[in-house]
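Please read the structure below before turning to the comments.
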Amino acid sequence: MERISKEDYYLDIAETVTERSTCLRRCYGAIIVKNDEIISTGYNGAPRGRKNCIDLGCTREAMNVPHGQRYELCRSVHAEANAIISAARRDMVGGTLYLAGRDGATGEVLYDPESCAMCRRMIINAGLSKVITRIGPGEHKTVEVQEWIEEDDSLPENIHIQGLGKCP
């Protein structure tokens, strides 16, 4: 039997973590790894003590909000955020976050998981160096967090802030 790659090993674990998700739309699981040691895990679900979407229904679905929009209407804390919350920064610095997703309705693996802008900011501040996702059976994508820092998607081009002029 051939051994699977470390990336597939950790992505498989992140996929298992998705089984704890309480989202009706998309279930995500994240694990943070440093020096071949799992530091923490997280899945998307309501804050501790609050009711979950699986119990109440999905507000965003009821309002026909497209995927990737209006996250402020969602009850859930994202998988990446929950994994970061569960770890000390000193243990995460230089580590890798593995992110996996499943469709909430069908259970099929999502081959396009991406961190939202807010999670990207948390990943940057946590000091993580890479995010790895599955893009197909046996295939993965590695994103260097430094790229997110350099791209700085929080500053739209040509934005005019009163008194500051346009951004270069």
Say whether the condition of being part of a loop (DSSP other than H, G, I, E, B), under 23 Å from His140 (Cβ atoms), open to solvent by 50 Å² or more (accessible area, probe 1.4 Å) and at pLDDT 85 or above is met by at least one residue in region 46-62.
no
Restricting attention to region 129-139, and to residues there that are open to solvent by 30 Å² or more (accessible area, probe 1.4 Å) and in a strand (DSSP E or B), which single residue is nearest to Ile39 (Cα to Cα)?
Lys130
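Report whether or not Arg70 is open to solvent by 20 Å² or more (accessible area, probe 1.4 Å) and either of a type in the set (Asp, Glu) or in contact (Cβ under 8 Å) with a residue 24 or more places away in the chain (or both).
Values: open to solvent by 20 Å² or more (accessible area, probe 1.4 Å): yes; either of a type in the set (Asp, Glu) or in contact (Cβ under 8 Å) with a residue 24 or more places away in the chain (or both): no.
Judged against the criteria, Arg70 is not a match.
Can you find a residue in region 75-85 that is over 13 Å from the mean Cα position of the chain (by Cα) and touching a residue at least 24 places away in the same chain (Cβ under 8 Å)?
Taking region 75-85 first, the residues over 13 Å from the mean Cα position of the chain (by Cα) are 75.
With touching a residue at least 24 places away in the same chain (Cβ under 8 Å) added as a condition, the list becomes 75.
There is at least one residue in region 75-85 that is over 13 Å from the mean Cα position of the chain (by Cα) and touching a residue at least 24 places away in the same chain (Cβ under 8 Å).
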Note: among Val33, Val17, just one is in contact (Cβ under 8 Å) with a residue 40 or more places away in the chain and part of a strand (DSSP E or B), namely Val33
Right, Ile39: open to solvent by 30 Å² or more (accessible area, probe 1.4 Å), in contact (Cβ under 8 Å) with a residue 12 or more places away in the chain and among the aliphatic types (A, V, I, L, M) or not?
yes
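What number of residues within region 91-128 are assigned to a loop (DSSP other than H, G, I, E, B) and crowded, with 18+ Cβ neighbours inside 10 Å?
Of region 91-128, the ones assigned to a loop (DSSP other than H, G, I, E, B) are 93-95, 104-108, 111-116, 127-128.
Still in the running and crowded, with 18+ Cβ neighbours inside 10 Å: 95, 104, 113, 115, 128.
Result for region 91-128: 5.
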Close pairs from region 86-105: first modelled with pLDDT under 95, partner open to solvent by 50 Å² or more (accessible area, probe 1.4 Å) and not in a strand (DSSP E or B), Cβ under 7 Å, at least 6 apart
Arg102/Glu108; Gly104/Leu24
Of the numbered conditions (1) in contact with a helix residue (DSSP H, G or I) (Cβ under 6 Å, 6 or more places away or on another chain); (2) among the hydrophobic types (A, V, I, L, M, F, W, C); (3) within 19 Å of Ile135 (Cβ to Cβ), Ala81 satisfies every one except a single condition; which is it?
(3)
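For residues that are loosely packed, with under 14 Cβ neighbours inside 10 Å and either closer than 11 Å to Gly101 by Cα or in contact with a helix residue (DSSP H, G or I) (Cβ under 9 Å, 6 or more places away or on another chain) (or both), tally how many sit in region 17-36. Working first, answer last.
Residues of region 17-36 that are loosely packed, with under 14 Cβ neighbours inside 10 Å, as a first pass: 19, 35-36.
Narrowing further to those that are either closer than 11 Å to Gly101 by Cα or in contact with a helix residue (DSSP H, G or I) (Cβ under 9 Å, 6 or more places away or on another chain) (or both): 19, 36.
Going through region 17-36 one residue at a time, the tally reaches 2.
The values are calculated or read from the model by the stated rules, or taken from the named source; none is laboratory data. Because the structure is a prediction, the values reported are computed rather than measured. Virtual Cβ from ideal backbone geometry, glycine too; neighbours counted across all protein chains shown. The accessibility values were calculated without ligands, DNA or RNA, using every heavy atom of the protein model including side chains. Shrake-Rupley method; radii C 1.70, N 1.55, O 1.52, S 1.80 Å.
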